[in-house]
Amino acid sequence: MPIPSDIKSLFQKTPVLTDENETEYFELVDDLVSFVQPRDKWEWRLVKQLADRYWELYRLQGYPRHIIPAGRQAALRKMLTDGALEVGELVRADQRAARFYADATERKAVLSDLAKRGLNDTSISARAFEKKAPIIADCHRIKMMIQLEINSLLQSLDRYRAAQPAAESPNKRFDRRDGKIVRLTGPDPRGVRK
């Protein structure tokens with residue numbers, strides 16, 4: 001179902017960042033339009049809100065796998081400078097940490113030095129996680145809040161359609177199951193809706 005001309009302006013501003021793919025965002029919109037089958041402006045606005053929230057959720061799900069690698073060099077630098085007493089040692093440790101990812105020989109030498117202290121490559125990731133844990137925890141909290149917003153939007157759609165005359169609105173209800181939106185049919189098993 002194409003976006004009606006009087007609704008298109010709603011979709012002109014997207015939450016897509018410059019390093020993200022706007023085509024993927026509009027594929028998400030198309031999927032939501034197919035699922036929700038919006039019938040009026042209010043439902044189209046809800047599709048837009050759902051698309052934006054799902055896009056934010058998609059973005060946040062990728063952050064942890066970028067946050068840890070970004071923290072590895074700082075963690076390695078800290079591991080190499082532990083016990084360094086002189087400025088020269090600190091500078092050399094800093095240089096070794098910078099070359100660790102670019103020079104296979106340096107990488108092997110650094111890992112050998114770390115092994116003497118009972119540490120390995122996984123230790124670097126563990127230290128990076130330790131330093132970045134508060135940021136990752138914030139990402140998880142924000143993801144949970146977005147999921148609650150999505151559930152609330154789906155419940156709003158459910159209530160809105162339930163309030164429509166029966167001829168205009170078949171009994172379509174929405175719920176989240178295993179992280180996916182599912183359309184429920186038939187009477188509401190929970191009884192009276194609030």
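The numbers here are math on the coordinates, done by the rules we state, and not lab data. Since this is a predicted model, take the numbers as computed values, not measurements. All Cβ positions, glycine included, derive from the backbone under ideal geometry; neighbour counts span all protein chains shown.
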*Run the quick spin-label model on residue 35 and residue 104: label points 7 Å from Cα toward the beta carbon, then report their separation in nm to one decimal.*
4.5 nm
*Mean Cβ neighbour count within 10 Å, used as a protection proxy, ranking 98-105, 27-34 highest first*: 27-34, 98-105
*Could you sort out which of 78/131; 78/116; 108/132; 41/143 sit more than 19 Å apart by Cα distance in this structure?*
108/132; 41/143
*In terms of the Cα gyration tensor, with a ≥ b ≥ c the square roots of its eigenvalues, is region 1-95 rounded because a/c is under 1.5, prolate because a/b exceeds b/c, or oblate?*
prolate
*Cβ crowding within 10 Å averaged over residues, with 9-19, 123-133, 57-67 ranked highest first*: 123-133, 57-67, 9-19
*Farthest positive-ward along region 1-57 dipole, Cα basis, beta-carbon charges - from 11, 57, 25*: 11
_Linear extension gain, residue 17 paired with residue 5, 0.36 nm per residue minus alpha-carbon span_ = 1.9 nm
